[in-house]
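Asker: The following block contains the structure, expressed as C-alpha cells.
Bear in mind these aren't lab numbers, they're just calculated from the coordinates by the rules spelled out. Remember, predicted model here, so these are calculated numbers, not experimental data. Cβ placement follows ideal geometry from the backbone for every residue including glycine, while neighbour counts extend to all protein chains displayed.
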Amino acid sequence: QVQLVESGGGLVQAGGSLRLACAASGRTYSIYAMGWFRQGPGKEREFVAAINWTGGSTLYADSVKGRFTISRDNAKNTMYLQMNNLNAEDTAVYYCAASPTNYGSTPERYDYWGQGTQVTVSS
C-alpha cells in the first residue's frame, strides 16, 4: 500500500501562484508514476499532470501547459505541482495519485489516491 497526503492548497488571486506537494509513504519503492488530477465544482475529475518516478518524463493537460510544472524529489518521496498564472478555471480540489505499473492521463491507471487539497482562485 501507498499513502498519499497533499498540502499547499489555499486561496489565491487570479494571476498568482501556489505550489502543491504530495508526500508518499508506505511501499514507495513500488511507485512507477504519479499524477495530479482536479475536480472543480460541478465537474468531473480531470487530469492535470503526471510524472514518471524514475525517468522523470512528464505529461500535461493542454489547459495547464506553460503554467504548471510537475516535479518530484525521490529522496523525500514527494511530488510537487508549481502552479503559476492561476485563473478562476483552476479552482478545484486537487488530488495526487500513484501507480505501480502505469503512467498516463486517465484516472483508471492509478491505484492510490490522496484526500485532496482545495485550491480557490479569486478573480
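Asker: In the chain, if the dipole is taken from +1 on Lys/Arg beta carbons and -1 on Asp/Glu beta carbons about the Cα centre, which of 102, 64, 26 is farthest to the positive end?
Answerer: After comparing all options, I get 26.
Asker: Treat every Asp and Glu Cβ in the chain as -1 and every Lys and Arg Cβ as +1, leave all other atoms uncharged, and give the resulting dipole magnitude about the Cα centre to the nearest 20 debye. Can you show the working numbers first?
Answerer: Working: 10 positive and 9 negative charges, 46 e Å.
It works out to roughly 220 debye.
Asker: Which one, 75, 86, 112, projects farthest toward the positive side of the charge dipole computed for region 51-123 from Cβ point charges (K/R +1, D/E -1)?
Answerer: Farthest towards the positive end: 75.
Asker: Short version: ³J(HN,Hα) in whole Hz for each residue of region 63-71, in order, from phi by Karplus 6.51 cos²θ - 1.76 cosθ + 1.60 (θ = phi - 60°), x for Gly and Pro, what are they?
Answerer: Computed from phi, the couplings for region 63-71 are 5, 10, 4, x, 10, 10, 10, 9, 8 Hz.
Asker: What is the local net charge at residue 1, summed over the other residues whose Cβ is closer than 12 Å to its Cβ (Lys, Arg +1; Asp, Glu -1)?
Answerer: Numbers: positive: 27; negative: 111.
Taking every Cβ under 12 Å from that of residue 1, the sum is 0.
Asker: Return a whole-number percent for the relative contact order of the chain, with Cα pairs under 8 Å and 6 or more residues apart as the contact set.
Answerer: Relative contact order for the chain comes out at 36 percent.
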